[in-house]
Amino acid sequence: MAHPTGIRYPLATEKCIRLMEKENKLIFVVDKKATKRDVRKAIEQLFAAKVRKVTTLNAHDGQKRAYITFAKDTPAIDIATKLGLM
C-alpha cells in the first residue's frame, strides 16, 4: 500500500550524497501516481522545508524517483540527518 503522502523512502547512494552536498538535493522514491505538486506539498509539510524544484524520473527498475532541490535557506544535509541518512 502506498504512503498517503506519496513519499515512500529516501535514497542514500553515493550519487545521492554527492547531489546533496553539491546541489542541495535529496532523492526520494515516490508512489507512481504522485505528481510533482503532491511531492512538493508532502516534503514541505513533513520537513517544514522550502522546496525550490521537483523533478521526477521513472527509473528502469520500475521505481519513480523525485529529485527535490531545496531553497538555499534549507540545507538538504539537515533533512538527511533527520532521516538518519548521515
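The values are calculated or read from the model by the stated rules, or taken from the named source; none is laboratory data. Just so it is clear, the structure is predicted and the values come from calculations on it, not from any experiment. Ideal geometry is used to build each Cβ from the backbone, glycine not excepted, and the neighbour counts take in all protein chains shown.
Please give the number of the condition K53 fails out of (1) at pLDDT below 95; (2) part of a strand (DSSP E or B).
Condition (1) is where K53 drops out.
(1) touching a Phe, Trp or Tyr at 6+ places or on another chain (Cβ under 9 Å); (2) assigned to a helix (DSSP H, G or I); (3) among the hydroxyl-bearing types (S, T, Y): which one isn't true of T81, the others all being true?
The single condition T81 does not satisfy is (1).
Only residues that are in contact with a helix residue (DSSP H, G or I) (Cβ under 7 Å, 6 or more places away or on another chain) and not hydrophobic (A, V, I, L, M, F, W, C): list them for segment 22-49, please.
Those that are in contact with a helix residue (DSSP H, G or I) (Cβ under 7 Å, 6 or more places away or on another chain) and not hydrophobic (A, V, I, L, M, F, W, C): N24, K25.
Can you name every residue in segment 49-86 that is surrounded by 15 or more Cβ atoms within 10 Å (Cβ to Cβ), among the hydrophobic types (A, V, I, L, M, F, W, C) and more than 16 Å from C16 (Cα to Cα)?
Within segment 49-86, A49, V51 qualify.
Suppose we keep only residues that are in a helix (DSSP H, G or I) and among the β-branched types (V, I, T) within segment 1-49. Which one would you say is nearest to G62 (Cα to Cα)?
Looking at the filtered set, the residue picked out is V39.
With the requirement that a residue be polar (S, T, N, Q), at pLDDT below 95 and within 18 Å of R8 (Cα to Cα), what does segment 64-83 give you?
T81
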